[in-house]
Structures are given as structure tokens and as C-alpha cells.
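Quick notes on the structure that follows.
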Amino acid sequence: MGVLRKPRLSPYLFTLLTFIVFITILYGEDFICIFGQLEPIPGRAISRPVKKREKLAFAIGKSEEKCDVFKGRWVRDELTRPLYEESECPYIQPQLRCQEHGRPDTEYQKWRWQPHDCDLPSFNATLMLETLRGKRMMFVGDSLNRGQYVSMICLLHRLIPEHAKSMKSYNNDALTVFRAKDYNASIEFYWAPFLLESNSDNAVIHRVSDRIVRRGSINKHGKHWKGVDILVFNTYLWWMTGLDIKLLKGSFEDEEKEIIEVSAEDAYRMAMRSMLRWVRKNMDRKKTRVFFTSMSPTHGKGIEWGGEPGENCYNQTTIIEDPNYWDSNSRKSIMKVIAEEFSKSKFPITFLNITQLSSYRKDAHTSIYKKQWSPLTAEQLANPVSYADCVHWCLPGLQDTWNELLFSKLFYP
């Protein structure tokens with residue numbers, strides 16, 4: 001009777017199997033990433049897989065290699081600036097109409113942003129309107145984002161006949177809609193200074209000393225953003241109270257409210273995560289675009305740029321020349337939060353980094369040349385520095401550059 005022998009594994013086959021297992025473990029994620037993006041064409045063999053950079057919606061080209069459009073300098077340009085006149089854009093709010101309210105100079109209108117290693121594409125209003133045909137563009141945030149929204153309308157409205165355009169407000173002025181009827185297009189602004197629900201959500205009466213933000217409430221406002229093709233978010237200034245942020249658990253309607261206090265950075269991180277989660281669930285990465293505008297600097301401390309103690313943006317007519325100047329009110333810790341959270345986003349967010357370039361423009365604020373909502377006292381009139389607005393910007397002016405950068409990143413990312 002013969003002895004049964006166990007089949008032996010060939011040493012060559014064993015070596016081959018060991019090698020395959022090793023390679024699979026080492027490069028498994030790369031194989032999944034590469035082959036997961038392939039869409040086989042029937043009847044055609046798959047050749048070398050090539051991972052392509054995703055084309056963003058609305059892109060018609062790409063920016064020059066090694067070009068950072070947010071790094072550059074301001075140059076005088078009296079030929080092409082301003083891009084429009086204050087008097088010819090009726091949509092500018094009274095609080096941004098500096099010439100109408102007595103500003104004696106127009107020098108702040110004559111600066112053009114020049115990146116170091118390339119040129120910004122010229123703002124093409126025709127291209128922008130054709131791109132918006134049948135679509136919605138919405139700016140969401142605070143009054144600084146509303147200024148950028150109005151700037152965009154001023155850049156476009158001259159191409160639209162008077163009878164074919166309109167602007168109306170809805171929902172107690174929380175939503176403002178500019179319509180270009182022949183294009184079936186709308187450019188909108190939605191007031192949400194924290195993006196989340198807060199006790200400062202009234203678009204008209206929102207000067208609340210004890211600000212409270214409701215945690216996890218992005219959908220309260222987000223339901224009004226659905227269906228938008230191009231979203232431009234901002235939120236920063238309202239978080240900077242100098243104190244911890246009060247977060248509400250539950251609802252503002254609850255009789256007994258549970259409120260906790262956290263640092264501005266932690267609260268801001270929570271808001272960014274909520275925004276990114278909403279974007280991922282509600283926006284189509286193949287058809288829509290999302291922008292986020294960084295913090296807008298203030299100029300309330302002249303000593304920071306070499307001015308006198310007690311000086312601010314009042315009566316400033318020149319720019320800051322120091323390329324390393326940084327406004328102390330623009331927290332780098334918040335910029336770090338934005339960078340960390342956006343780097344994890346599965347939906348591509350285009351970051352409009354306007355902070356540094358805007359920090360040079362102490363000359364461009366509305367200062368005292370705006371509509372005052374309350375009568376000024378004799379003491380204020382005797383000391384204009386005391387009531388100068390060093391937060392908002394005159395139009396035309398700096399915020400037109402923000403939209404030139406948006407235009408650049410929309411079409412040439």
C-alpha cells in the first residue's frame with residue numbers, strides 16, 4: 001500500500017505569492033485610488049492609469065505656473081481705475097457712498113492689484129453674465145460680504161438694459177436678489193453673519209451686545225442656499241468680540257436655555273465644520289463652485305503702521321508700503337483653523353485670501369464719509385477719529401479687487 005504524500009508548494013510559487021501579498025499591503029490604497037477613478041470604455045483595454053486633476057466647474061483655463069494672485073503689490077493706475085463711477089451705480093448702499101457723503105479725494109479709487117509673478121485677467125462682465133445665464137450666484141455672510149455683493153452688481157449692471165434688471169429684498173431683508181431678466185440669472189445676498197443661527201440674524205436690527213450662536217444650526221439658513229450654482233461665503237468679524245463665544249444647545253425657543261462658552265477659535269472651527277458638511281451634502285462638485293473669502297482687516301490702531309497713538313483710518317489717503325504689515329485684528333489662529341479644516345474637505349473650496357492685500361489699504365475705508373444711522377454728538381463732531389468706520393470699504397474701491405480675484409479663480413483656477 002503506497003504512502004500518501006502531501007502536495008508541496010513550489011518554492012517559486014511561494015515566493016511569488018509572498019511578493020504579491022507584500023506589494024498589495026504596501027500599495028493597496030494607491031491601487032484603490034487609481035483604479036477607483038477609471039471608467040472603462042467597452043471594447044478598449046485599460047492601459048496605464050493616469051490620475052488627472054479634477055476640472056472645476058466654470059473653469060475655462062488655468063492660472064500660470066507658480067502664480068499666487070494673492071501675493072503682489074498695489075500700483076497706481078489712473079487709466080483703468082476706477083472700474084465704474086459711484087454715481088452710475090444706484091445699488092451702492094448709503095453707508096458705502098463716500099463721495100456722496102463728502103470725501104474730498106478719489107485717490108483710493110486709483111489702485112490696481114498686481115501679483116508678483118503674473119497678471120490678473122481683466123474682469124470681463126460679458127463673460128460673467130453669460131456664465132450666469134440660467135443660474136444663481138449667492139453671497140452669504142455679513143455686511144462685508146454684502147459690500148462685495150454690491151461691488152459685483154456694479155461691475156455687471158451696465159450691460160443690462162434698465163427694464164431688464166431689478167433688485168428686491170425678501171424675508172425681512174435677510175435675502176436681497178438682483179435679477180438680470182434676459183439672462184434668467186440672479187445674484188443674491190443672504191444675511192447670516194455667523195452662518196449658523198444666532199440672535200443677530202435680523203438683517204436690520206442686529207446690534208446685540210450679548211451674542212449667542214446656536215450650535216449645529218446650519219440648516220436654519222442653509223435651506224435658503226439650496227439650488228445655488230456659485231456660493232461665496234464669509235464669516236469672521238462677528239466672532240471677534242474679544243470674549244469667549246456663547247453657544248446655545250437646543251433652541252432659542254426653549255424656556256430654559258443651556259449655554260456654554262468656548263474660545264473664538266473652537267467656536268469658529270465648529271462653524272467651519274458645519275459649513276463644509278452642508279456643502280458636501282448639498283452642492284454638486286461637477287456643476288457648482290464654492291468660495292470662501294478670508295477675514296477683512298480693520299485699521300483702528302495707527303501706531304501699528306507707524307502712525308500716531310490714537311490715530312486710525314480717518315484722513316488716511318496713502319497705502320501702507322511695508323510688505324510684511326499685518327493687522328493685529330486679523331487673527332492668524334483663525335487662519336490656521338481655516339487651513340486645517342479646508343484641507344480635510346472632500347468638496348473643493350476656493351479660498352479667496354484677501355487679508356494681506358487688503359491690510360495695506362488703510363486709505364480705502366468709509367471712515368466718516370457715510371450715512372450715519374444715529375445723530376452725531378457735539379463731542380463726536382469735534383473728534384472725527386471717534387466715529388470713523390475703519391471696518392467697511394468705499395465703493396468703488398478695494399472690494400472691486402476682491403471680485404477681480406473671484407473672477408480669476410472662477411475661470412482660471
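Structural remarks
- Annotation: Lys165 fulfils all but one of (1) free of Cβ contacts under 8 Å to residues at least 40 places away in the same chain; (2) in contact with a Gly (Cβ under 8 Å, 6 or more places away or on another chain); (3) surrounded by 13 or more Cβ atoms within 10 Å (Cβ to Cβ); the unmet one is (2).
- For segment 261-278, the set of residues classified as of a type outside the set (A, V, I, L, M, F, W, C), surrounded by fewer than 20 Cβ atoms within 10 Å (Cβ to Cβ) and touching a residue at least 24 places away in the same chain (Cβ under 8 Å) consists of Glu265, Arg269, Arg273, Ser274, Arg277, listed by residue number.
- Where Glu404 falls short, out of the listed (1) more than 15 Å from the chain's Cα centre (by Cα); (2) modelled with pLDDT of 95 or more: (1)
- Contacts under 7 angstrom Cβ, first residue in segment 385-409 being farther than 17 Å from Pro82 by Cα, partner among the small types (Gly, Ala, Ser) and part of a helix (DSSP H, G or I), 6 or more apart: His392/Ser143; His392/Gly147
- Which numbered condition Val213 fails, given (1) β-branched (Val, Ile, Thr); (2) surrounded by 21 or more Cβ atoms within 10 Å (Cβ to Cβ); (3) under 24 Å from Glu404 (Cβ atoms): (3)
- Test: residue in segment 401-408 that is of a type in the set (D, E, K, R) and open to solvent by less than 50 Å² (accessible area, probe 1.4 Å): yes
For (1) buried (at least 20 other Cβ atoms within 10 Å of the Cβ); (2) of a type outside the set (D, E, K, R); (3) under 15 Å from the mean Cα position of the chain (by Cα), each residue gets a yes or a no:
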site	(1), (2), (3)
Arg331	no, no, no
Leu357	yes, yes, yes
Tyr369	yes, yes, no
Gln372	no, yes, no
Pro375	no, yes, no
Leu410	yes, yes, yes
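- Which listed residue is free of Cβ contacts under 8 Å to residues at least 12 places away in the same chain, open to solvent by 20 Å² or more (accessible area, probe 1.4 Å) and of a type outside the set (Phe, Trp, Tyr), from Lys281, Lys287: Lys281
- Residues in segment 334-346 that are farther than 19 Å from Lys71 by Cβ and open to solvent by 50 Å² or more (accessible area, probe 1.4 Å): Glu340, Ser343, Lys344, Lys346.
- Scanning segment 120-148 for residues that are of a type in the set (Ser, Thr, Tyr), under 25 Å from Lys226 (Cβ atoms) and either open to solvent by 40 Å² or more (accessible area, probe 1.4 Å) or under 18 Å from the mean Cα position of the chain (by Cα) (or both) yields a single hit, Ser143.
Residue-by-condition table, conditions (1) of a type in the set (Gly, Ala, Ser); (2) modelled with pLDDT under 60; (3) open to solvent by less than 60 Å² (accessible area, probe 1.4 Å); (4) over 30 Å from Met295 (Cα atoms):
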| residue | (1), (2), (3), (4) |
| --- | --- |
| Arg5 | no, yes, no, yes |
| Tyr12 | no, no, no, yes |
| Phe22 | no, yes, no, yes |
| Tyr27 | no, yes, no, yes |
| Ile34 | no, yes, yes, yes |
| Asp77 | no, no, yes, no |
| Leu83 | no, no, yes, no |
| Tyr91 | no, no, yes, no |
| Glu100 | no, no, no, no |
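- Criterion violated by Lys66 - all others in (1) among the basic types (Lys, Arg); (2) on the phi < 0 side of the Ramachandran plot; (3) modelled with pLDDT under 95 satisfied: (2)
Here is a yes/no grid of residues against (1) under 26 Å from Ala364 (Cα atoms); (2) touching an Asp or Glu at 6+ places or on another chain (Cβ under 8 Å); (3) assigned to a loop (DSSP other than H, G, I, E, B):
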{"position": "Asp117", "(1), (2), (3)": "yes, yes, yes"}
{"position": "Phe139", "(1), (2), (3)": "yes, yes, no"}
{"position": "Leu156", "(1), (2), (3)": "yes, no, no"}
{"position": "Arg179", "(1), (2), (3)": "no, no, no"}
{"position": "Tyr190", "(1), (2), (3)": "yes, no, no"}
{"position": "Val204", "(1), (2), (3)": "yes, yes, yes"}
{"position": "Arg207", "(1), (2), (3)": "yes, no, yes"}
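- Of the listed requirements (1) open to solvent by 10 Å² or more (accessible area, probe 1.4 Å); (2) in contact (Cβ under 8 Å) with a residue 40 or more places away in the chain, Ala180 misses just one: (1).
- Asn219 being open to solvent by 30 Å² or more (accessible area, probe 1.4 Å) and either under 22 Å from Glu265 (Cα atoms) or under 23 Å from the mean Cα position of the chain (by Cα) (or both): yes
The values are calculated or read from the model by the stated rules, or taken from the named source; none is laboratory data. All values derive from a computational prediction rather than experimental measurement. Every residue, glycine among them, receives a Cβ derived from its backbone with ideal geometry; neighbour counts consider all protein chains shown. Keep in mind that these areas ignore ligands, DNA and RNA; they rest on the heavy atoms of the full protein, side chains included. Shrake-Rupley method; radii C 1.70, N 1.55, O 1.52, S 1.80 Å.
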